[in-house]
1. May I ask you to list the residues in segment 148-181 that are buried (at least 17 other Cβ atoms within 10 Å of the Cβ) and within 18 Å of ARG25 (Cβ to Cβ)?
2. Could you check, for segment 182-192, whether at least one of its residues is of a type outside the set (Phe, Trp, Tyr) and assigned to a loop (DSSP other than H, G, I, E, B)?
3. Do we find that GLY159 is on the phi > 0 side of the Ramachandran plot and over 14 Å from the mean Cα position of the chain (by Cα) in this structure?
4. Looking only at residues that are among the charged types (D, E, K, R) and within 16 Å of SER9 (Cβ to Cβ) in segment 113-147, which one is surrounded by the most Cβ atoms within 10 Å (Cβ to Cβ)?
5. Hey, could you check segment 42-98 for residues that are over 13 Å from LEU111 (Cβ atoms) and among the hydroxyl-bearing types (Ser, Thr, Tyr) and say which is surrounded by the fewest Cβ atoms within 10 Å (Cβ to Cβ)?
6. So which of PHE42, PHE57 ends up being at pLDDT below 95 and either out of contact with any Leu (no Cβ under 9 Å at 6 or more places or on another chain) or of a type outside the set (Ser, Thr, Tyr) (or both)?
7. Considering LEU154, LEU169, which residue is within 15 Å of the chain's Cα centre (by Cα) and not in a helix (DSSP H, G or I)?
8. Which count do you get for residues in segment 104-124 that are in contact with a strand residue (DSSP E or B) (Cβ under 6 Å, 6 or more places away or on another chain) and either of a type outside the set (A, V, I, L, M) or at positive phi (or both)?
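The values are calculated or read from the model by the stated rules, or taken from the named source; none is laboratory data. None of the values given here were measured: they were computed from a predicted structure. Heads up, the Cβs are rebuilt from the backbone with ideal geometry, glycines too, and the neighbour counts pull from every protein chain shown.
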Amino acid sequence: MSQIALFHSVLGVRPGVVDAADRLRAAGHEVEVVDQYDGRVFDDYDVASAYVESIGFPALMQRAADAVENLRDGFVAAGFSNGAGMAEHVATQRPVGGVVMVSGALPLDMLGVEAWPAGVPAQIHYTLGDPLRNQEWVDAVADAVRSAGAPLELFDYPGNGHLFTDASLPGEYDAGAAATLWNRVLAFCDAAGATPA
């Protein structure tokens, strides 16, 4: 069993995040859903992005770090889109068992750090046609993980949805890709839970 900190996308704790937590708990994991917006949820990316800008990325990073303060070392940091960056950030601040990035990957220099934590495994999941995918950023994170001597699994899925695991976003959701992703994420979390921190 793993302890998992789950970070939401720029849209907040939408049903897809709640579903993700339920899936992970059903598999026997402990899940802490980190709500950085104090309950606010958005349907529009532009409006949500403006809200993030009003808070500021440094403040969100601090909220992320504060939210995992009471979790024991070795937890898995996981996140969707903007939340993937938050998962990366906490992994550079705390000893974690692994990092799961879904539809998001931020170069480490954007987080103010120079190197990926040594040996910390990671998964990156994206659809091939994700309109918010920045391949240079994905490559930069992948290179950083590999340079740290850490295992990396990089998965591409057909389609063009951004939050493709969220069934409440029918224009983005892909049931087949989501099912495959969850099989892979659960295997990753199972392995992290079996490895001493």
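1. Those that are buried (at least 17 other Cβ atoms within 10 Å of the Cβ) and within 18 Å of ARG25 (Cβ to Cβ): THR165, ASP166, ALA178, LEU181.
2. Within segment 182-192, none of the residues are of a type outside the set (Phe, Trp, Tyr) and assigned to a loop (DSSP other than H, G, I, E, B).
3. So GLY159 passes the test.
4. So, considering only residues that are among the charged types (D, E, K, R) and within 16 Å of SER9 (Cβ to Cβ), the one surrounded by the most Cβ atoms within 10 Å (Cβ to Cβ) is ASP130.
5. Initial filter on segment 42-98 (over 13 Å from LEU111 (Cβ atoms)): 42-56, 59, 63, 66-76, 78, 80-81, 83, 94-98.
Add one more test, that the residue is among the hydroxyl-bearing types (Ser, Thr, Tyr), and what stays is 45, 49, 51, 54, 81.
Details: TYR45: 16, SER49: 14, TYR51: 15, SER54: 8, SER81: 23.
Top of the filtered list is SER54.
6. On the way: PHE42 fails: at pLDDT below 95.
Sole residue among the options that is at pLDDT below 95 and either out of contact with any Leu (no Cβ under 9 Å at 6 or more places or on another chain) or of a type outside the set (Ser, Thr, Tyr) (or both): PHE57.
7. Details: LEU169 fails: within 15 Å of the chain's Cα centre (by Cα).
Residue meeting the stated conditions: LEU154.
8. 2
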